[in-house]
Amino acid sequence: MRTLYYIVTSALVRGLIGQGITAFVVYQGMVSLRNALGYDTTQGVYDEPSGVMAALISVIGFLLAAGVFTDWLKWIGGEDPPLKHGAQGRPEWTRYINVDVNHKVIGIQYGIASMVILLLGGLLAIIFRLELAMPGLQFLDGDAYNTLFSAHGIIMIVSIFSGIAAMINYLGPVMIGASDMSFPRLNAFSYWVSIPAATVLLSALVVGGWDTGWVAYPTHSTTTTMLGVQMFLLGFYINGFSSIASGLNMVVTTVYMRAKGMSYFRMPIFVWAAVSASILQATITQTVGLALTMVVAQRALGLEFFTPVTDPALIELGFPGGDPTLYQHLFWFYSHPAVYVWILPGLGVISELLPVFTRKPLFGYKWIALSSVGIALVGSIVWAHHMFTSGMPVTWKIPFMISTLFVAIPTGVKFFSWVATIWEGKMRFDTPMLFVLGAISVFLLGGLSGPILGTIATDMHLHDSYFVVGHFHATIFGGFVFPFFAAIYYWWPKATGKMYSEALGKLHFWIMVPGFWVMSLTQMRTGVLGMRRRIADYGPDLGIADEQALITVATLAIGWSILIMLYNLIVSLRSQEEAVPNPWGSRSPEFMSPSPLPEFNFDGPIQVIGEPYDYGLDDSTYVVPASAAGD
Amino acid sequence: MSEPTKSGSIYRRGNTAAFWLVVITVIELILALTFESAILLILLSIGKAGIILQVFMNISRLWNPEEHH
Amino acid sequence: MSAVAHDHDHHNPMEPTRSEQVKMNRLGLWVFCLSESFLFFALLGTRFYLWRNPVDGIIRPDLAQIPAFIFTGVLLASSYFMNRAEVAISKDDRTTFNYSMLLTAALGLVFLFGVVLVEWGLATGPELLLGDGAFGAVFYAMTGMHALHVIMGIALILIVWNNGRKGLYTAEDHWAVEACAIFWHYVDLVWVFFYPALYLIGTAIELHH
Ligand SMILES: [Cu+2]
């Protein structure tokens, strides 16, 4: 009964109710207003301009009802409310469904959100994979298939953003020896704004679905009659606030909150990756926001950004028309580097964990630190390689091909460092290490298939084929999914104080990694044989029916293995046994403190007195409490 | 961190900046109506932006936080 | 169960001091400005990507010059008074602070109405219609996105003016005023690039049709 009360009065439930009410009221008000002005509001599943307005305002409704703005509203009134720490007299678990400013709580909130959304996105994939297992349409029609794959794409992207935010939030501050982020309230905002964004996004599934894929290219996205597209665009857009705010927060935190003695080149390597990803997030997200706004505006207000002029009189006068390739530039200026936002933290995890499990110093610390920055910079000038078939002039294509191939240099630096770190190491094959090795193998697959697509001549054939699907999933599983799972296993005893079952962890690994290899390589093969992406069906004469069935089986295997992981983790929470304080023998600051970490991470300031990755070297210390350092 | 001097003199930096901003804006308009040179106009905008960043926005406080006015 | 150890002592042993927090706030605001610059550069990019034709190269709609020039001057003047307000509070000159803040907000409002009523009115009148190809789309997108920031800036100025009246800021500690100033000047900075891009650069195309 008490539990029910705590749930019903939580920020999450209050927010959702607030969002629902606001959306309803604004929508009805807008419809009556537009009716009064003489517009026809009966076209389609809902009235589009009213729906857009309702969705946007509903986000504010959520945040107000959840109490995210409370302290800021007090500031406006001239008060200076202190930060609220702890559960406010409620049970500890309620912190995760209420607005909490602690970076660890927010990290876990993101982590849970990421897993829930991952399951949803995975479920959608499994549904359309079952449809694709055989030639011919079995149980989905075209619209349903289109909605499913579009939703799978964007839902997984939201899951990935939550996943990297989980890692950056939970680990970032404690790894640099800080008690929290620079802006704890903004941090809470970043998390909480992503919830109404997700509701808006998911509402697209029930208000007609959409058929534009996650890229939403005009002119299709500006003309499609499947009205879910607006909710998809807005959900995507609002999620951008979360990205920008959390990116900004992590940059400032890293600049100003490092422990004494922690110069930039003595930070844990994960922080370098996190900060590179954060700089990208804080900046480039704006351009996709603009691109999405333009599609929304063209649909709802009639601003014609993407429609060429056809009226001969206007052409005669020299009037400029809209251009659909404008969208592609703005979209990919964000969406290519966004892939690096997703994988950089994961690559950081790989570099972070390898020295621990090989008991050797990380090879080439400075190079690997700067390679993260390098990937972020080079990755920002390659976007038009997605547009080789768009009719772009060849003088634009060549520079983008060259810059794309340059990405291989900083990425290669990371690979060499990993191999050299493993070389002659005393390896321990615990579950996190297995996932790190799996990640490296899969990322290699993704990396090697990349230049084939970045080269104009080969891309002409492979563009929009299943080869791209295979390549993309390999980069994301290698760069995000496997390192994220490695991180979950590795920091689980730290975050919860409990140990999972090593046997189940290994089972998860031995199903998922081979399953993924089969899936990805087979996708690439069907692509080379002529399978297009985003197509609900294929002919039996294409000769890829067996491959398609195999991909579906591999997808199911991956799905089951993830359920094994969740089972493993949840069961471990109920165990009575406490985990060993530092099960992996890590030197990182977070392992100086007890598990789970105390509210402010450390009893007092800490100080860096040595190199971070001198594993296996005698009497070398990385961090000590500042009180013990003596100065 | 000087003591309040004659009111007026403490505002001199802002006055000068505003003066030059107005002058450049007038030049811009005249230039646009006569020359039509995009490059020159962009250069002038960058000049104005520099004045605003330095004088009005005090960008140097980022690396020199102690220096106040 | 919880992933944060239960801890009754809610005192942060590493709490940032006020001056450390102000330094972080300042960098945070600048990173925000950098972030916004990507939005405004993307809009400028859009303008130069779309406002072209095969005959004249870079073009612009032939809009009335004088009102645009005046409103640009008004925004500049507001920026000047914002600076005056910030300098005033740092010297504890409260009278100048109060009236300069109000003047800034008032001039900001004049600019806002200038753009939304006069410029949009002139444009929609007989000439540039919402939906007239790329001229209308880009013109309303750029002025509209900028106007949105002007509105936020005016709101911020009024809040800070009000809290200043209550005596919340001192000569030593007036971060809120500084933040408000940086944001308002940033809005002006954006217009420094938008004004020539919209009104001055390129071959003027007659709008009567
Ligand atoms: Cu790309």
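The values are calculated or read from the model by the stated rules, or taken from the named source; none is laboratory data. Just so we're clear, the structure is a prediction, and the values are computed from it rather than from any experiment. Cβ atoms come from the backbone with ideal geometry, glycine included; neighbour counts cover every protein chain shown. Ligands, DNA and RNA are stripped out before the accessible areas are found, and what is left, the full protein with its side chains, is counted by its heavy atoms. Shrake-Rupley method; radii C 1.70, N 1.55, O 1.52, S 1.80 Å.
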Original post:
Name the residues in the stretch C:74-88 that are open to solvent by 10 Å² or more (accessible area, probe 1.4 Å) and within 7 Å of chain B (Cβ to nearest Cβ), would you?
Top reply: C:LEU76, C:TYR80, C:ASN83, C:ARG84, C:VAL87
**OP:** Could you please let me know if A:ILE368 is touching a Phe, Trp or Tyr at 6+ places or on another chain (Cβ under 9 Å), away from the ligand (no atom under 13 Å from the Cβ) and among the β-branched types (Val, Ile, Thr)?
**Re:** yes
**OP:** Take C:ALA147 and decide whether it is out of contact with any His (no Cβ under 6 Å at 6 or more places or on another chain) and within 12 Å of chain B (Cβ to nearest Cβ).
**Re:** no
**OP:** State all residues of the stretch A:238-281 that are crowded, with 24+ Cβ neighbours inside 10 Å and among the aromatic types (Phe, Trp, Tyr); if no residue qualifies, say none.
**Re:** A:PHE270, A:TRP272
Original post:
Got at least one residue in the stretch A:340-353 being of a type in the set (Ser, Thr, Tyr), within 16 Å of the ligand (Cβ to nearest atom) and in contact with a helix residue (DSSP H, G or I) (Cβ under 7 Å, 6 or more places away or on another chain)?
Top reply: yes
Original post:
Does the stretch A:114-125 contain at least one residue that is among the β-branched types (Val, Ile, Thr), over 21 Å from A:ARG185 (Cα atoms) and open to solvent by less than 40 Å² (accessible area, probe 1.4 Å)?
Top reply: yes
Original post:
Checking A:TRP510 against (1) modelled with pLDDT of 95 or more; (2) touching a Gly at 6+ places or on another chain (Cβ under 9 Å), which test does it fail?
Top reply: (2)
Subject >> Positions within the stretch A:428-451 being of a type outside the set (Lys, Arg), open to solvent by 70 Å² or more (accessible area, probe 1.4 Å) and not in a helix (DSSP H, G or I), in sequence order >> reply: A:PHE429
Original post:
Given the conditions (1) open to solvent by less than 40 Å² (accessible area, probe 1.4 Å); (2) within 29 Å of A:ASP537 (Cβ to Cβ); (3) within 16 Å of the ligand (Cβ to nearest atom); (4) not aliphatic (A, V, I, L, M), and given that A:GLY454 satisfies all but one, which numbered condition is not satisfied?
Top reply: (2)
**OP:** Return the only residue of A:TYR538, A:TYR500 being in a loop (DSSP other than H, G, I, E, B), surrounded by fewer than 24 Cβ atoms within 10 Å (Cβ to Cβ) and hydroxyl-bearing (Ser, Thr, Tyr).
**Re:** A:TYR538
Original post:
Within the stretch A:295-339, which residues are in contact with a Phe, Trp or Tyr (Cβ under 7 Å, 6 or more places away or on another chain), within 16 Å of the ligand (Cβ to nearest atom) and open to solvent by less than 10 Å² (accessible area, probe 1.4 Å)?
Top reply: A:TYR327
**OP:** Residues being crowded, with 23+ Cβ neighbours inside 10 Å and under 21 Å from A:THR285 (Cβ atoms): count how many of those fall in the stretch A:217-237.
**Re:** 10
Original post:
Residues in the stretch A:267-276: is at least one at the interface with chain C (Cβ under 10 Å from one of its Cβ atoms), more than 22 Å from A:GLY121 (Cβ to Cβ) and either assigned to a loop (DSSP other than H, G, I, E, B) or not β-branched (Val, Ile, Thr) (or both)?
Top reply: no
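Matching residues to (1) touching a Phe, Trp or Tyr at 6+ places or on another chain (Cβ under 8 Å); (2) assigned by TED's automatic domain parsing to the domain that holds A:GLN328; (3) polar (S, T, N, Q):
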residue: A:ALA216; (1), (2), (3): yes, yes, no
residue: A:LEU227; (1), (2), (3): yes, yes, no
residue: A:GLN230; (1), (2), (3): no, yes, yes
residue: A:GLY240; (1), (2), (3): no, yes, no
residue: A:TYR256; (1), (2), (3): no, yes, no
residue: A:ALA259; (1), (2), (3): no, yes, no
residue: A:SER263; (1), (2), (3): no, yes, yes
residue: A:VAL271; (1), (2), (3): no, yes, no
Original post:
What pairs can you find where one residue is in the stretch B:45-63 and at the interface with chain C (Cβ under 7 Å from one of its Cβ atoms), the other is charged (D, E, K, R) and in a helix (DSSP H, G or I), and their Cβ atoms are less than 7 Å apart, with a gap of 6+ or different chains?
Top reply: B:ILE52/C:ASP188; B:ARG61/C:ARG26; B:LEU62/C:ARG26
**OP:** Select from the stretch A:354-365 the residues that are open to solvent by 20 Å² or more (accessible area, probe 1.4 Å) and either within 12 Å of the ligand (Cβ to nearest atom) or not in a helix (DSSP H, G or I) (or both) and list them in ascending order.
**Re:** A:ARG359, A:LYS360, A:PRO361, A:PHE363, A:GLY364
Original post:
Just checking, how many residues over the stretch C:156-190 are hydrophobic (A, V, I, L, M, F, W, C) and within 9 Å of chain A (Cβ to nearest Cβ)?
Top reply: 3
**OP:** Find all pairs meeting these conditions: Cβ atoms under 6 angstrom apart; at least six residues apart or on different chains; first residue within the stretch A:560-586 and closer than 25 Å to A:GLY121 by Cβ; second residue assigned to a helix (DSSP H, G or I) and not aliphatic (A, V, I, L, M).
**Re:** A:SER561/A:HIS508; A:ILE564/A:HIS508; A:MET565/A:HIS508
Original post:
Considering the stretch A:561-576 alone, what residues qualify as being in contact with a helix residue (DSSP H, G or I) (Cβ under 7 Å, 6 or more places away or on another chain), within 15 Å of A:VAL513 (Cα to Cα) and either open to solvent by 40 Å² or more (accessible area, probe 1.4 Å) or not β-branched (Val, Ile, Thr) (or both)?
Top reply: A:SER561, A:MET565
Original post:
Out of (1) more than 14 Å from chain C (Cβ to nearest Cβ); (2) open to solvent by 10 Å² or more (accessible area, probe 1.4 Å); (3) more than 16 Å from the ligand (Cβ to nearest atom), the odd one out for A:PRO393 is which?
Top reply: (1)
Original post:
If you take the residues of the stretch A:600-609 that are surrounded by 21 or more Cβ atoms within 10 Å (Cβ to Cβ) and within 12 Å of chain C (Cβ to nearest Cβ), which of them is nearest to A:ASN102 (Cα to Cα)?
Top reply: A:PHE600
Original post:
So which of A:LEU63, A:LEU83 is at the interface with chain C (Cβ under 10 Å from one of its Cβ atoms) and either touching a Cys at 6+ places or on another chain (Cβ under 6 Å) or open to solvent by less than 60 Å² (accessible area, probe 1.4 Å) (or both)?
Top reply: A:LEU83
